[in-house]
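Here the structure comes first, spelled out in structure tokens, and everything after it is commentary.
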Amino acid sequence: MSDRQLLGEVEQLVLLAILRIGEGAYAVPIREELERQGGVRLSRGTIYVTLDRLERKGYVSSHFADPTPEPGGKARRCFHLERAGLMALRAAQRMVDRLRAGTALEHRGKVP
């Protein structure tokens with residue numbers, strides 16, 4: 001696994017939220033998904049900074065959707081999980097699985 005593939009915890013969570021949401025994932029539902037499914041509360045700024053970093057790494061791509069219909073409606077920046085992002089998630093999961101193997105965590109036992 002190269003350094004480029006190493007994912008921080010927040011990066012992993014954001015990628016997983018995008019994967020769960022699917023088409024049309026943007027910052028607000030990503031943040032809501034993390035809170036609803038993961039019990040993790042992140043600021044909007046943290047979400048945006050993480051999304052920008054993931055896009056620079058090539059793990060996600062983004063496009064602007066049509067503006068919302070209300071007067072002064074904004075165009076949402078929607079994110080799509082790229083193949084490289086999915087591969088990075090899988091590599092991170094394999095690494096955790098390998099490190100967990102043979103430990104008390106693998107058997108849900110007590111940690112020494």
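The values are calculated or read from the model by the stated rules, or taken from the named source; none is laboratory data. All of these numbers come straight from a predicted model, not from anything done at the bench. Every residue, glycine among them, receives a Cβ derived from its backbone with ideal geometry; neighbour counts consider all protein chains shown. In case anyone asks, the SASA skips ligands and DNA or RNA and just uses the protein heavy atoms, side chains included. Shrake-Rupley method; radii C 1.70, N 1.55, O 1.52, S 1.80 Å.
Of the listed requirements (1) modelled with pLDDT of 95 or more; (2) over 20 Å from the mean Cα position of the chain (by Cα); (3) of a type in the set (Asp, Glu), residue 106 misses just one: (1).
Can you find even one residue in the range 65-88 that is modelled with pLDDT of 95 or more and of a type in the set (Val, Ile, Thr)? Checked the range 65-88: no residue is modelled with pLDDT of 95 or more and of a type in the set (Val, Ile, Thr). Out of all the residues in the range 50-58, is one or more touching a residue at least 40 places away in the same chain (Cβ under 8 Å) and hydroxyl-bearing (Ser, Thr, Tyr)? Yes, the range 50-58 has at least one match. Filtering the range 61-78 to residues that are of a type outside the set (Asp, Glu), assigned to a loop (DSSP other than H, G, I, E, B), at negative phi and open to solvent by 40 Å² or more (accessible area, probe 1.4 Å) leaves 69, 71, 74. It is to be established whether one or more residues within the range 79-102 are among the aromatic types (Phe, Trp, Tyr) and open to solvent by 60 Å² or more (accessible area, probe 1.4 Å). No, the range 79-102 contains no residue that is among the aromatic types (Phe, Trp, Tyr) and open to solvent by 60 Å² or more (accessible area, probe 1.4 Å).
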